[in-house]
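Take a look at the structure set out below.
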Number of protein chains: 2
Amino acid sequence: MSLAVGVDIGGTKVAAGLVDEDGAVVCTARRPTPGRDAGAVEDTIVEVVGELAAHARVCGAEVVSVGVGAAGFVAQDRATVLFSPHLAWRNEPLRDAVQNRLDRPVLVDNDANGAAWAEWRFGAGRGESHLVCITLGTGIGGALVLDGRLERGRYGVAGEFGHMVLVPGGHRCECGGRGCWEQYASGNAVTREARELARSGSPVAHELLRRAGGDPDAVTGPLLTEAAQAGDPAAREVLEDVGTWFGTGLANLAAALDPGTFVVGGGLSEAGDLLLGPARAAFARSLTGRGYRPQARVLAAQLGAQAGLVGMADLGRRHATA
Amino acid sequence: MSLAVGVDIGGTKVAAGLVDEDGAVVCTARRPTPGRDAGAVEDTIVEVVGELAAHARVCGAEVVSVGVGAAGFVAQDRATVLFSPHLAWRNEPLRDAVQNRLDRPVLVDNDANGAAWAEWRFGAGRGESHLVCITLGTGIGGALVLDGRLERGRYGVAGEFGHMVLVPGGHRCECGGRGCWEQYASGNAVTREARELARSGSPVAHELLRRAGGDPDAVTGPLLTEAAQAGDPAAREVLEDVGTWFGTGLANLAAALDPGTFVVGGGLSEAGDLLLGPARAAFARSLTGRGYRPQARVLAAQLGAQAGLVGMADLGRRHATA
């Protein structure tokens, strides 16, 4: 049995898993992301891979490769993290640093590339020749799979859809810009809008505020989604607004790329049709050439929170055996 | 000698040329685009091809193929025009209609695909693995050449960059949307802004208005470019504003696609650095991850107004001999 490790490094947690050739997760390991210290993140990667390798040996198997997904700009060499808005990496030679300590082939890629690859290989994107995958989390991650190949761009940093400007001069973004799509359609946007609404004193937000114990800053994405699912009108409004912004951005991507399918994953996608319904409506409403062109499907992702590590395990394995 | 015909059908004129294997134009033929009547456009194509074929015979050569570039959405089959905002085509089987009358292999493609292909094969985009080509004319046309292949999308209509929304709720666009990029960065945008400025009565626009004989509606794109080149401050402001919008949109495309090179052609690109200077500045200023990533070059196209027909001739020839 050939097992590969996939590691998904997010802004708040490191999730790793032992993954077989069919994309099945044999077991997992988790740690909080250790602040912004690059060395500490490396230690954590080495630690979780060690833990999973020990588990593999108990099963009589070996770990053949390690794929590390990073929330940042990864260079074409798939070794260097050029920049991460949420972590300390700046031109960080992450692959070599980890590979030297693990004595196994290591590959580094953007986390959204990992998730997209998993959905194309094993999930909602199977069989699609022109796939755009969106990870709706704290921000927006994205990736393109064209004819079964991840399209990384000239320098490796394609797919940063969340940082396309949709509202010139709009909300400041962690990337340094203003009005980026992810400021209007992401977990962060939901939280900001929901707190602002809760703070407004509007009667429509009364129940939402009650759920948050009277403290607007206690409104979180999951709390809002739960309230919306229970029928709370203010929470539904927020998801509708954010979904509409999301759909407008999808129409922009369709104008540029004409995909057959969008697959939407990430934490915020758990709001399901409360978010994707308005998104599909706004997408159909804003698409250029609407009525005279076949329209891309907008599907929910199938692999949930494990998509990133499953994809990175598969990419790492392919690279090691290529 | 193997000669191919390329035909470029724009909103106002049909330009055709006899093109050799190295992309050199042997001779050309031109007609005004006959209104919005699909049948009359077909007649015009047949007419110009006939004229050029007669010329080829005089040179002792035969026309081996015909490539037709259309300002519209061309389906994946490269035979059907799904929709054209400026012409009468709606699901028009243009290739078969023309091929039946010409008795030669015919290929239809989007006009911006033709121009991009020409710049990649023979012009400013040579050798670039990740090329985004923009045609700045009345509107914005665009195309992607990835690893030497035109990327047309799942249904053939990728590259409609001009219809990405950059200003939600902004100016109405001929595509039916609002706030499309081409409403802010194109020949149409230049004309609209220049006329509005001329009409404003502002002293800054006095000289521009004088050049237009006192009539704001007589300000055209070429007149404005000429005034800007002569140093007129109002004309320069307009090109600066439009260039800034153009650069903001380029940064969005770079976020999504990470090209190595943008090539910018089309009539408005003749304003040169008066437009491309501000565009490059806005591009560098709005690019996500700036300072931590290699930055795409923004180059002027090299093939001028003939790019479309040169590219279509080459695409048609390749298709016929494949």
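Structural remarks
- Flag for B:Glu151 being within 22 Å of A:Gly153 (Cα to Cα), at pLDDT 95 or above and either in the same structural domain as B:Thr225 (by TED's automatic domain parsing) or among the hydrophobic types (A, V, I, L, M, F, W, C) (or both): yes
- Some residue of region B:93-102 being buried (at least 24 other Cβ atoms within 10 Å of the Cβ) and small (Gly, Ala, Ser): no
- Meets criteria (more than 28 Å from A:Gly221 (Cβ to Cβ), buried (at least 24 other Cβ atoms within 10 Å of the Cβ) and at pLDDT 95 or above) for A:Val106: yes
- Qualifying residues in region B:67-77 (those that are within 14 Å of another protein chain (Cβ to nearest Cβ) and not aromatic (Phe, Trp, Tyr)) - the one surrounded by the fewest Cβ atoms within 10 Å (Cβ to Cβ): B:Asp77
- A:Arg317 being at pLDDT 95 or above and over 23 Å from A:Glu160 (Cα atoms): yes
- Pair list, Cβ < 7 Å and 6+ apart or interchain, from region B:246-271 residues that are in contact (Cβ under 8 Å) with a residue 12 or more places away in the chain to residues that are assigned to a helix (DSSP H, G or I) and of a type in the set (Lys, Arg): B:Gly247/B:Arg280
- Residue count for region B:268-322, restricted to those that are outside any helix (DSSP H, G or I) and of a type in the set (Gly, Ala, Ser): 7.
- When region B:175-214 is filtered for residues that are free of Cβ contacts under 8 Å to residues at least 60 places away in the same chain and in contact with a Gly (Cβ under 7 Å, 6 or more places away or on another chain), the ones remaining, listed by number, are B:Arg178, B:Gly179, B:Cys180, B:Glu182, B:Gln183, B:Asn188, B:Thr191.
- Test: residue in region B:230-245 that is touching a residue at least 60 places away in the same chain (Cβ under 8 Å) and within 14 Å of chain A (Cβ to nearest Cβ): yes
- Qualifying position, being of a type in the set (A, V, I, L, M, F, W, C), surrounded by fewer than 19 Cβ atoms within 10 Å (Cβ to Cβ) and modelled with pLDDT of 95 or more, among B:Ala235, B:Ala185, B:Ala218: B:Ala218
- Subset of region A:262-310 (residues that are touching a Cys at 6+ places or on another chain (Cβ under 9 Å) and within 14 Å of another protein chain (Cβ to nearest Cβ)): A:Phe262, A:Val263, A:Thr288, A:Gly289, A:Arg290
- Test: residue in region B:227-247 that is in a loop (DSSP other than H, G, I, E, B) and touching a Lys or Arg at 6+ places or on another chain (Cβ under 6 Å): no
The values are calculated or read from the model by the stated rules, or taken from the named source; none is laboratory data. As the structure is a prediction and not an experimental result, all values here were calculated from the model. When we count neighbours, we look across all protein chains shown, and the Cβ atoms used for this are built from the backbone with ideal geometry, even at glycine.
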